[in-house]
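The values are calculated or read from the model by the stated rules, or taken from the named source; none is laboratory data. If you're wondering where the values come from, they're calculated on a predicted model, not measured in any experiment. In this analysis, Cβ positions are derived from the backbone assuming ideal geometry, glycine residues included, and neighbour counts consider all displayed protein chains.
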């Protein structure tokens, strides 16, 4: 099989490797499509704590079950399935309380074990027992099903923030996750304000995805613009979907009293300590909510939402052959694409 092999900072190759065989309790997935996460791009350009280990990255995979080992009765050859990133332990304090994304031994496909940027992927017993795998709804293309994993985290964050129809939500960041927030908020009837530093990305948010108001932070004061658009009150909710310490600190000025702020993305380790106006939090009774990963139920919801057509997947996706994976990573860094999806098996399964 062909597989992308990550070998360290700015080092990967596309290699011909023996296809895995499934043993008892395992299954073999023939991959149709695998999205590239922003985390994959950060690992490639910056390295990570796993740098130095050869591994097949990718945790946004969709494909067809090709073979099933003895005891893996849940699936059968021919089943179309999509995967999400997390593999929990099932026994720790958090797993026993169904807070699986906070598992003390959480493993991530493509980091702790080989992932989906390959023609085939072995679904081990651990993945089948404690990972996130759901059937792809009839009529949903597998290419679109590869968006289900990033959409999970967006769905979960909106529930955590209790976003309701008719509320004004400011999304800080207009990259792929910012646009997914915009798409879901639009579908749920919220009024969306998108804030970013890139005029080109804001134009795309406005012209292609219907953002009601866009604010270019490098040209105007976002807090003043949000106040002007909300009668001096501020947004009901702010979602920080940009890896920026300044964006986190400034989010407190965008939100109304008793408003909610979702810290959707992590920050680079060197910028993780952020000075916040705690008096603003205290006297305005702000709610700061960390949003990380998701309960497995959100994966099924994401697939159903994509199947409904509420999320316009075609507008988000740019496809690449497996040999073009490195080009896709550079396109992501350059902001030339929203969602890069690699097509293994020469696209034969799509």
**Message:** So, in the stretch 12-37, how many residues would count as being assigned to a loop (DSSP other than H, G, I, E, B) and under 14 Å from residue 119 (Cα atoms)?
**Reply:** 5
**Scope the stretch 147-188; condition out of contact with any helix residue (DSSP H, G or I) (no Cβ under 9 Å at 6 or more places or on another chain) and either crowded, with 24+ Cβ neighbours inside 10 Å or farther than 16 Å from residue 262 by Cβ (or both); matching residues** = 165, 166, 186
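Mind checking whether some residue in the stretch 287-306 is out of contact with any helix residue (DSSP H, G or I) (no Cβ under 8 Å at 6 or more places or on another chain) and farther than 25 Å from residue 145 by Cβ?
yes
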**Prompt:** When the stretch 314-336 is examined, which residues are found to be touching a residue at least 40 places away in the same chain (Cβ under 8 Å), surrounded by 15 or more Cβ atoms within 10 Å (Cβ to Cβ) and farther than 13 Å from residue 154 by Cβ?
**Reply:** 317, 319, 322, 325, 326, 328, 329, 332
**Request:** Mind counting the residues in the stretch 322-342 that are in contact with a helix residue (DSSP H, G or I) (Cβ under 7 Å, 6 or more places away or on another chain) and farther than 21 Å from residue 264 by Cα?
**Result:** 3
**Request:** Name, by its number, the condition in (1) at negative phi; (2) outside any helix (DSSP H, G or I); (3) surrounded by fewer than 18 Cβ atoms within 10 Å (Cβ to Cβ) that does not hold for residue 311.
**Result:** (3)
**Message:** Restricting to the stretch 44-69, name every residue that is in contact (Cβ under 8 Å) with a residue 60 or more places away in the chain and touching a strand residue (DSSP E or B) at 6+ places or on another chain (Cβ under 6 Å).
**Reply:** 55, 56, 57, 58, 59, 60, 61, 62, 63, 64
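Specify the residue that is surrounded by the most Cβ atoms within 10 Å (Cβ to Cβ); the eligible residues are those in the stretch 44-60 that are touching a helix residue (DSSP H, G or I) at 6+ places or on another chain (Cβ under 8 Å) and closer than 14 Å to residue 122 by Cα.
My answer is 58.
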**Request:** Would you mind finding the one in 72, 41, 85 that is buried (at least 16 other Cβ atoms within 10 Å of the Cβ), at pLDDT below 95 and in contact with a strand residue (DSSP E or B) (Cβ under 6 Å, 6 or more places away or on another chain)?
**Result:** 72
**Request:** Pick out the one residue from 263, 286, 254 that is farther than 29 Å from residue 42 by Cα, at pLDDT 95 or above and in contact with a strand residue (DSSP E or B) (Cβ under 7 Å, 6 or more places away or on another chain).
**Result:** 286
**Asked** Within the stretch 75-98, which residues are over 23 Å from residue 2 (Cβ atoms) and either touching a residue at least 60 places away in the same chain (Cβ under 8 Å) or touching a helix residue (DSSP H, G or I) at 6+ places or on another chain (Cβ under 7 Å) (or both)?
**Response** 84, 86, 87, 88, 89, 90, 94, 98
**Asked** Mind checking whether some residue in the stretch 216-235 is under 30 Å from residue 110 (Cβ atoms), in contact with a helix residue (DSSP H, G or I) (Cβ under 6 Å, 6 or more places away or on another chain) and either modelled with pLDDT of 95 or more or buried (at least 23 other Cβ atoms within 10 Å of the Cβ) (or both)?
**Response** no
